[in-house]
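Scroll down for the structure; my scribbles are underneath it.
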Amino acid sequence: MGDNAGPDRSSVEVKALLRKLDPKSGSSHKDRVRLLNRFRNYAEGGGRGGDVTTPEFYDDDLPLLLLGSQSPTALYDDELSSMHLYGLLQACGCASSHDSKDNHQLKRSARNAMNLLKFLVCDFVDKVKGRPVPLETDPRTGQKELNGFAHALCCCTATQLALMKAHLHVTGENDARGGARDDCCQVLVLLITRHLAENGETPQPLGIDKLLPTAAARKSFDTWLMQNASKATQKAVKRAKAETDGKKKKEKKKERTSPSKENKKASISLDDDDEDVDVLGAFGKKKKKKEGGSPKGGQDRASAGASAKAQGKQPEERGLSPSQRKDGKAVGPGGAAEAGQPQPTKWADSTLADSKVDDLLHTGERERQQTAKEKRRLEEEKRRLATRDPLHLRNKDFDLSRVQEHRVDLLQQAI
């Protein structure tokens, strides 16, 4: 392509293609097919002899080619921001205007768009003077790096990839509006095995159900995989599926084990609520309910209360261990006798609350004492410095506070 195959020329070719991919732009079927073939010819190097050098592309132009106006590049381009452009993925999933079955058929040009997409992401090879440029191997995964078009496609989200309507290509009949099944399945294999996060570096397995939402499409893809793909490709697809399923199970397990936001908020509100909380009652032992929930339990509790009164025990002593009773007096958790006093039912009435209040009072008193002590020290230091000669111009008996009184005598001495 010579000097004209630079990235600026590639930007012009990309934009020229995008302006005509939308059927509403006034382009006919022949116009779209001609532009798709023209772009493939340009990407291959212009159809020259053995010294072909493939053109260069800006990194921003690759997602623009695939997504059109939905790419970040179009949003920040003054020329493209006001235009509605179809990308190559939208062209692959463009529905037929003659279809009366909820857009279950594709335009005839969708087959040609899928042909071009498969060539760019699966077959395209950079060449310099006829020699292929070898792709480097990723030391972390051991896989060969993707070419620029394939990398841009694998960074697309599931929502963006749904634009190409792969399920219509996979399940379509073998006619002009049935799509390109073989090319689409090869693109799906690439996406399933090499999909990346939006940062372009982190592997992010993509489930086949996100690419093919219908069961018929997934079955057709599995059939094509068994009949046409190699054993290594089949293993790679199965491994990717297993990894995706494992990730889904972990996420579901995490959702089941982790508390919901509502439960967290409820626990926080209970922790913060200091009104009428029965602190001591939380530590009392509860009797297990008998199986069947017989009404006999109420009678047992009534008889137990009557026997307790007969033995002279106070109701407050029930539920306390022998070590908590001394000389017939109920002893609280802190060890102090609480004879004749009912157990506290509020946080403000508990012993722990009183101790905390005392601690706060003592702490405040200590801080006030330290503040007063520090203030006295500073006043003493200030007084000491004010009554001494800082520059040692006078003897130790010299006092600056007396200068004001004897200023006239001092002035006369100085004159």
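Laid out as a table, the results:
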item	result
Accessible solvent surface per residue of region 135-243, calculated while the other protein chains remain in place, 1.4 angstrom probe, Å²	53 Å²
Three-way shape call for region 1-159 based on the alpha-carbon gyration tensor, with the a/c threshold at 1.5	prolate
Distance (nanometres) between label positions extended 7 Å along Cα→Cβ at Asp182 and Asp409	12.3 nm
Rh (Kirkwood; distinct C-alpha pairs) - region 141-218, Å	13.1 Å
Entries in Lys144/Lys247; Lys144/Lys238; Lys118/Lys238; Lys144/Lys210; Lys118/Lys247; Lys30/Lys144 that, when Cα-Cα distance is taken, lie over 27 Å	Lys118/Lys247; Lys30/Lys144
Charge tally in the Cβ shell below 14 Å around Leu18, where Lys, Arg are +1 and Asp, Glu are -1, Leu18 excluded	-1
Residue-count net charge about Glu145 - beta-carbon cut-off 13 Å; Lys, Arg +1, Asp, Glu -1	-1
Calculated FRET efficiency for the pair Val133/Ala232, C-beta based, R₀ 35 Å, to 0.05	0.90
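The values are calculated or read from the model by the stated rules, or taken from the named source; none is laboratory data. If you're wondering where the values come from, they're calculated on a predicted model, not measured in any experiment. Quick reminder, even Gly has a Cβ in these numbers, built from the backbone with ideal geometry, and neighbours come from all protein chains shown. Please note that ligands, DNA and RNA were not included when accessible areas were found on the heavy atoms of the full protein model with its side chains. Shrake-Rupley method; radii C 1.70, N 1.55, O 1.52, S 1.80 Å.
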